[in-house]
Amino acid sequence: MDATALDTELDRIFDDLTAIPAFPKTVNYALRILDDPGSTTTQVGRVIRFDPALTANILKAANSAYFGLPRQVSSIETAIALLGTRQVREILIIAASRPYLDREIYGYGMRQHDLWAHSLGCAAISEIVARHSGFASSDLLFTSALLHDIGKYVMNEHVGIRAEEIQLQAGVDAMTFTEAEWRVLGTDHAVLGSEILRLWEFPRAIVRAVRNHHDPDLYIQDELSRLLAFSNILTVSLGFGVGLDGFRHRISPELSRKLKLTASGLAAIIQESFAEWQSLATLLA
Amino acid sequence: MKTTIPVTSGSYAVSADPSTALVGASIGAGIAVAVFDPETGAGGLFITHLLQTRKETSASTAPYFGLDTGLPAFMKAFIAVGGRRDSLRVHLVGAGEFLDTPPFFRMGEDLQKTARRILEKNRVPVAGEKVGGPENRFLTLDLENGSIRVGSPGQREVTM
């Protein structure tokens, strides 16, 4: 493809980027309330109860086995009262992300619920990974993991139209899928995803980790990016919502050493991940 | 009507009901062992992502079988529903790999080699394989005729 055609393609992609529906302001406001140490969960409830679609998604998430409430709840105030701040934060982000992620992403060979399953699976695995590695900012890792493929929302149609070309590049030249995306479209879903999160004013560390998650030279540089890349590698390896690009990436030869991984530690994470996967069933339905 | 039984990682299913199909929906880097006896119509599917069954298991979940104890338990269950050692056919599917995977992360290759070793040690030959490469495979074992259909996202399904 010549440079002018590539520029036109990029213009279209970035037009689509600015047209993406904004992350719900209600959720951003509720997350800011949670950041205030003097706030109460009742305040959060007051903010979100006026958004019926969000409330329905929050209740669905809260009643899933993953969050382990002792009983089914039907009011947002009760759900919030029974859950801790960390869980309320996770549920808010899950509920707000679903409309972007629970859709067919045909450009990447992902059926209706595949990207949602992949995103939730990666978020659940990231919690286990954070626990095993003693990573303090598990909330940043959780959000990064849940939204790491948000760029596919915008890239879907562009990749879909040029799918054969991208797959051919990836297959013949043994490129990674992101390298093939660059070759054909001039950008990739990780870069696009980080740009979306930057527009939505997510923390810089999350924007960076999402940008880095497929680039071994970049993700090896900081801990959040490494842990996100590792969580994603496991999500693909365990087969949680994997599209045609899933395995078409490289792993840094330094990753296991930097994360101080052992074979027995990896086996424990894998087993715990499958147990957690079962508890996500309600959220995936 | 065909009854579909999904088989998840760390578990197995066996049956001799010809109206049954056993399905491994998304194998990733794991290994799926599909067994069928054309003489008796018995078949089974075992999927795992671990070489060894771990002692530490959660009380709230079903046991997760690694290859070491899972494969013998699976074969025993297969024989219990009518499968016979001298007429069975074994296929291995899965073991997806990233590009340039460092040794630590070669989960699929380790699983495939270990599964072969355990089977060969027990004088069970592997009739066919669809393993390795950057593919996330799914498979269906139809117990009506023992056919195994294997596919991956963006690829056409093939019968082994």
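Rule-based calculations on the coordinates, nothing more; no lab input. The structure displayed is predicted, hence computed values, not measured ones. With ideal geometry, Cβ positions are generated from the backbone for all residues, glycine too; neighbour counts draw on all protein chains shown.
The table for this structure:
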| item | result |
| --- | --- |
| Computed label-point distance, nm, for sites residue A:14 and residue B:147 using a 7 Å Cα→Cβ extension | 5.1 nm |
| Two-site FRET efficiency, residue A:157 against residue B:117, from Cβ-Cβ distance with R₀ of 56 Å, rounded to 0.05 | 0.75 |
| Vicinal HN-Hα couplings computed from phi for region A:5-17 (Karplus, 6.51 cos²θ - 1.76 cosθ + 1.60; Hz; Gly/Pro x) | 4, 5, 4, 4, 4, 5, 4, 5, 4, 6, 5, 5, 4 |
| Positive-end residue, the protein assembly as shown charge dipole about Cα centroid, Cβ charges, pick of A:94, A:209, B:125 | B:125 |
| Coil-residue trypsin sites (Lys or Arg not before Pro) of region A:43-133, DSSP, other Cβ within 10 Å capped at 16 | A:49, A:71, A:111 |
| D_trans [Stokes-Einstein, Kirkwood Rh over alpha-carbon pairs] for region B:9-120, 37 °C, 0.692 mPa s, µm² s⁻¹ | 226 µm²/s |
| FRET efficiency, 1/(1 + (r/R0)^6) with R0 60 Å, evaluated for residue B:86 and residue A:85 via beta carbons | 0.45 |
| P(r), alpha carbons of the protein assembly as shown - 10 Å bins starting at zero, rounded % | 4, 21, 29, 25, 15, 5, 1, 0 |
| Longest exposed-site-free window of chain B, the sites being trypsin sites (Lys or Arg not before Pro) in a DSSP loop that have at most 10 other C-beta atoms within 10 Å | B:56-122 |
| Estimated FRET transfer efficiency when R0 is 41 angstrom, pair residue B:2-residue B:55 (beta carbons, to 0.05) | 0.60 |
| For chain B, with +1 on Lys and Arg beta carbons and -1 on Asp and Glu, the positive-most of B:11, B:26, B:146 along the dipole | B:11 |
| Unit charges on C-beta of K, R, D, E only; dipole of the protein assembly as shown, Debye | 1460 debye |
| Neighbour-limited loop hits for GluC sites (Glu not before Pro), region A:23-127 (at most 15 other Cβ within 10 Å; DSSP other than H, G, I, E, B) | A:104 |
| Top positive-direction residue, dipole computed over chain A with Cβ charges, set A:128, A:17, A:118 | A:128 |
